[in-house]
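Everything on this sheet refers to the single structure shown next.
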Amino acid sequence: MQKNHREKLFSLFDDNQYGAVFIQGAEIMYRHETDYEYPFRQESNFWYLTGVNEPDCAVLLDLKTEEYHLFVPQRDSQYAVWHGYVKSQESYQKEYQPDHLHYMNDLLKVLKEINPEKTYCLNEVDAELIEDLDRHFEADIESLQDALTYCRVLKTDAELELMREAGRVNNLAHLEVMKSIEPGMYEYEAKAVFNKVQLENGLQQDAYNGIFAGGKNAAILHYVENNSQLKDGDLFLLDAGHEYKGYASDYTRTYPVNGKFTKTQASIYQAVLNALNTCIENVKPGVKMEDLHLQAARIMMEGLKAEGLLKGDIDDIMEEDIFALFFPHGLGHFLGLDTHDVGGYPKGVERIDRPGIKYLRARRNLQTGMVITIEPGIYMIPALLIPAFEDETQSKFLNRDKLTELFEFGGIRIEDNIIVTQDGYENITDVPKERSDIEKVMNA
Ligand SMILES: [Mn+2]
């Protein structure tokens with residue numbers, strides 16, 4: 001799989017380019033000055049090119065010969081005492097199959113042999129390492145990030161298989177929480193249910209800090225305290241996912257703590273669900289994310305208007321950005337080795353002529369092989385609504401009394417993970433989202 005990734009990267013550099021790519025992998029991170037180790041997670045670009053999920057390694061790619069040099073650390077016996085056995089060169093070779101395997105200290109020697117005119121790096125740290133080895137070496141940090149972004153945003157079939165597997169486990173974990181939620185539970189108990197399914201399936205790495213939010217906590221977009229008690233009559237929002245072999249899954253579901261939507265909850269929920277379903281139906285190559293975003297916003301504002309929370313003409317509501325008061329985030333993002341994966345905001349057109357890179361685009365419409373999230377939401381956020389009530393233009397569209405009653409409502413977000421295919425889309429997410437299906441699961 002990673003061999004294909006390296007070939008993809010090579011194809012972006014001119015054939016006659018006598019350069020190299022150099023990336024250092026991640027190191028183990030510690031909490032402050034203590035010896036508490038955070039769980040190791042490889043740097044995503046390094047993982048993409050090598051498949052190596054171990055600390056203290058580096059990769060050097062010779063752009064002329066297209067050879068892959070892997071550098072591994074030389075460990076002493078103390079390392080074995082604390083971290084387990086020290087891997088032999090043979091086992092590194094067998095596992096990762098580089099064209100050439102070296103110890104880290106051989107970097108200068110190998111670079112001198114290759115003698116690249118330019119070494120492409122991702123950041124200053126790597127660039128300085130190269131230039132400090134020998135003053136004849138020249139590092140470039142302008143091109144590689146763009147090139148790797150271009151590669152990573154279009155997934156191969158092998159990558160999509162990993163994402164489907166991450167999704168399969170996430171389907172199970174979300175369903176299990178949906179079955180277990182009831183009034184009186186704490187948010188962290190929901191997290192325990194979720195993590196049990198995840199860990200039983202061998203997935204130890206969260207894709208991000210999960211959000212397990214009851215009631216008004218659901219209106220906090222990155223709520224991660226997860227320590228409140230769930231109340232009868234409130235909604236519960238669960239936004240969580242994990243990684244499978246580095247590839248992320250990222251779903252959100254929202255449902256009533258007691259298993260039965262109230263009338264207001266149901267109508268706002270339906271507005272969000274309609275936005276989600278319509279946007280998913282419209283996913284295909286060539287479509288712009290921002291068009292889907294506006295379409296979702298419009299559908300949701302129509303829902304709020306039908307519920308009597310908004311008034312006025314829907315075109316004016318859109319024109320005046322009233323939707324941003326209730327939907328203050330984007331419709332979705334790319335998904336892959338990172339949860340907010342690369343490629344969402346590619347750099348400007350002026351990058352096209354950068355040396356070494358054949359092809360980069362300034363703005364991307366959806367293309368076959370992209371994986372995106374679609375996650376519309378409606379939130380009641382007093383911090384946004386209170387000033388809006390005082391604003392001359394915005395207040396005209398807002399039903400102040402009804403909205404004020406909903407200050408403790410929280411929010412509703414529904415999020416699926418979507419593969420863009422040649423003729424449309426494939427939805428990886430398979431967790432109940434129709435109200436009747438949710439109520440059936442919760443009351444079974
Ligand atoms: Mn997301």
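The values are calculated or read from the model by the stated rules, or taken from the named source; none is laboratory data. Predicted, not measured: the structure shown is a model, and the values here were computed from it. FYI the Cβ positions are ideal-geometry reconstructions off the backbone, even for glycines, and counts take in every protein chain you see.
For segment 211-236, a residue qualifies if it is crowded, with 23+ Cβ neighbours inside 10 Å and in contact with a Lys or Arg (Cβ under 6 Å, 6 or more places away or on another chain), and exactly one does: PHE212. Among residues of segment 302-325 that are free of Cβ contacts under 8 Å to residues at least 24 places away in the same chain and over 14 Å from ARG400 (Cα atoms), none has a beta-carbon under 9 Å from a residue that is hydroxyl-bearing (Ser, Thr, Tyr) and assigned to a helix (DSSP H, G or I) at least six positions away or on a different chain. Considering segment 163-184 alone, what residues qualify as being more than 22 Å from GLU434 (Cβ to Cβ) and surrounded by 19 or more Cβ atoms within 10 Å (Cβ to Cβ)? Passing the criteria: MET163, ALA166, VAL169. Filtering ALA240, ALA219, ALA271 for residues that are small (Gly, Ala, Ser) and within 15 Å of the ligand (Cβ to nearest atom) leaves a single hit, ALA240.
For segment 185-201, the criterion of being outside the structural domain of LEU238 (by TED's automatic domain parsing), touching a residue at least 40 places away in the same chain (Cβ under 8 Å) and assigned to a helix (DSSP H, G or I) is met by no residue. For the residues ALA127, ALA147, the requirement of being assigned to a helix (DSSP H, G or I), under 30 Å from the mean Cα position of the chain (by Cα), surrounded by 13 or more Cβ atoms within 10 Å (Cβ to Cβ) and at pLDDT 95 or above singles out ALA127. Being at pLDDT below 85, surrounded by fewer than 19 Cβ atoms within 10 Å (Cβ to Cβ) and either touching a Leu at 6+ places or on another chain (Cβ under 7 Å) or not small (Gly, Ala, Ser) (or both) is true of GLU350. Among the numbered conditions (1) of a type in the set (A, V, I, L, M, F, W, C); (2) in a helix (DSSP H, G or I); (3) surrounded by 12 or more Cβ atoms within 10 Å (Cβ to Cβ), the only one that LEU101 does not meet is (2). Taking the criterion of being closer than 23 Å to LEU273 by Cβ, surrounded by fewer than 22 Cβ atoms within 10 Å (Cβ to Cβ) and either within 16 Å of the ligand (Cβ to nearest atom) or modelled with pLDDT of 95 or more (or both), the residues of segment 364-396 that qualify are ILE381, LEU384, LEU385.
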